[in-house]
Amino acid sequence: MNNDDTLAKELQNEEFQVLESIYPDYIAQRTEDAIRLEIPVELGEQTSVTLQSEAPLSDVNLELSYLPPLLLDIALPTSYPSRTPPAIRSIHATHFWMTRTAELAGKLLGLWTKGDGVLCEWVETIRSGEFLQTIQMIDTSRILRIACTAPQTLAPLLQSFDSSSAELLFSNTSYSCSICFSSLKGSRCILLQCSHVFCRECLQDFWSLCIKEGSVERVVCPEPSCVKKYREASEEELRRVVSDEEVRRWKWLRVKKAMEKDPSIVHCPVPTCQAPVPKSSEDTEGTGWDRFRNCESCGFDFCAFCKRTWHGPITACPKKVSLALVEQYLALPEGSSARKELERKFGAGVVTKLCREYLDEKSTMELLENSTTGCPGCNVRVEKSEGCNHMTCWKCGMHFCYRCAEVLNPINPYGHFNNSKSKCDGKLFDRVDEPMDFEVLPYL
């Protein structure tokens with residue numbers, strides 16, 4: 001071996017040491033006169049990728065950040081890098097996603113300068129995806145176009161590699177938890193869809209407490225910016241953090257909360273079911289079908305008014321029959337033979353129960369009528385203890401006047417009290433000298 005070859009060998013060893021220190025994971029094999037590199041392609045950010053085929057209407061569009069590795073089999077002549085470049089024996093793309101290997105080999109060889117090592121530059125050119133621009137695989141619209149014969153087969157392979165690479169990078173990177181401020185490896189953290197990262201223990205404690213207390217509206221990303229936007233956690237994110245039992249409770253509470261906001265919701269009358277049943281989405285307003293409900297949980301069809309088995313849109317509710325019976329019974333003199341005849345016919349216990357329920361309901365309705373105002377949207381009764389006469393219904397969110405039950409403009413609800421044509425003009429607050437329905441006792 002002459003002096004030039006000895007110098008070349010020393011330069012090769014120095015280059016290999018640098019390569020091993022910077023890209024240790026990319027060196028698949030090395031011998032005295034050859035080296036084998038396995039280099040994945042990192043696009044840096046989500047890049048639009050189109051898999052093109054000669055068959056019409058068969059192109060597939062993807063969004064990828066990583067591409068499968070290129071395998072480079074490189075021969076190192078004894079005179080490299082002093083007088084000759086390395087020889088690329090083969091380039092192979094995993095899953096055959098790139099076929100323009102001859103062009104790539106030519107561009108890589110063009111990077112060599114006499115006397116200088118080029119392997120590190122080759123690795124970085126491939127790793128960064130810079131070569132894709134060089135061989136014109138990325139067009140002017142920044143779309144990476146890959147020619148292939150079977151896009152439908154290649155697409156899931158590329159997506160799988162992209163996902164696994166992103167997960168591996170996340171697992172090996174350290175992150176600071178915004179809750180406990182600890183720095184932990186990604187394998188002990190959770191990456192949410194909004195890109196915020198929290199340690200698994202903190203997120204589990206927070207979400208589990210919210211679910212236990214029934215505050216499903218607080219099961220969100222804890223980052224302040226997401227809290228303001230109410231970035232609710234998805235079921236997939238929740239399953240990665242809390243137990244299956246807590247997920248089931250979270251889903252049940254969400255349905256319950258949504259149902260409570262709908263004034264048309266009634267509960268299934270079947271004692272073993274009691275599931276909330278919404279109104280049909282079909283337009284049945286003003287028809288008998290407006291009372292029809294079908295419980296998706298147990299399949300029971302019933303009337304929303306009388307809670308009995310569905311009796312059709314024309315047939316009156318059986319409750320009216322019982323009401324007529326009660327009114328007839330109470331109109332008769334107490335202890336009369338006519339009352340006793342009705343008791344024998346329908347049963348004394350049944351008649352007594354119906355009368356008691358009727359009188360209780362009548363007393364309740366009279367109390368509500370005298371001391372509350374009904375929401376014009378959902379008819380929920382509201383009793384005011386103090387404050388102004390502008391009301392916001394807790395159930396349906398409608399704005400209305402407590403004095404006259406008129407619907408108010410939610411944008412300017414106080415215009416009703418400043419309108420000279422309104423009977424509530426100037427009566428946002430009730431005056432002290434207005435008549436009160438209670439007696440003021442003297443102070444003793």
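Bear in mind these aren't lab numbers, they're just calculated from the coordinates by the rules spelled out. As the structure is a prediction and not an experimental result, all values here were calculated from the model. Every residue, glycine as well, gets a Cβ built from its backbone with ideal geometry; the counts of neighbours run over all protein chains shown.
Numbers at a glance
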read-out: Neighbour net charge for Gln204 - beta-carbon separation under 13 angstrom, K R +1, D E -1; value: +1
read-out: Share of alpha-carbon pairs per 5 Å distance bin for the range 318-371, given as whole %; value: 4, 19, 27, 23, 13, 8, 4, 1
read-out: FRET efficiency, Glu54 to Leu169 (Cβ-Cβ, R0 51 Å, nearest 0.05); value: 0.90
read-out: Point-to-point label distance, Val270-Arg239, nm (Cα→Cβ direction, 7 Å offset); value: 2.7
read-out: Mean separation of Cα contacts under 8 Å (6+ apart) over length of the range 9-158, as relative contact order %; value: 28
read-out: Stretchable slack from Ala28 to Ile143, in nm (0.36 nm times residue separation minus alpha-carbon distance); value: 38.3 nm
read-out: Zero-based 20 Å bins, Cα pair distances in the chain, whole percents; value: 15, 28, 26, 16, 11, 3, 0
read-out: Inter-centroid distance (Cα atoms) of the range 209-281 relative to the range 82-120, Å; value: 57
read-out: FRET efficiency estimate (nearest 0.05) - Cβ-Cβ, Asp430 to Ala258, R0 35 angstrom; value: 0.45
read-out: Mean Cα-pair separation over length for the chain, i.e. relative contact order, pairs under 8 Å, 6 or more apart, %; value: 7
read-out: Pairs from Lys257/Lys353; Lys212/Lys279; Lys279/Lys427; Lys261/Lys384 whose Cα-Cα separation, in the structure shown, is over 32 Å; value: Lys257/Lys353; Lys279/Lys427
read-out: Förster-model FRET efficiency, 22 Å R0, Thr84 and Glu130, C-beta, rounded to 0.05; value: 0.35
read-out: Cleavage-rule hits, trypsin sites (Lys or Arg not before Pro), the range 356-393, DSSP coil, Cβ neighbours within 10 Å at most 14; value: Lys384
read-out: Packing-based order for 234-242, 408-416, using average beta carbon neighbours within 10 Å, highest first; value: 234-242, 408-416
read-out: Point-to-point label distance, Arg248-Thr153, nm (Cα→Cβ direction, 7 Å offset); value: 4.4
read-out: Shape metrics for the range 176-260, restricted to C-alpha atoms - Rg then Dmax, Å; value: 12.6, 42
read-out: Average silhouette area of the range 142-212, convex hull of alpha-carbon atoms, in square nanometres; value: 7.2
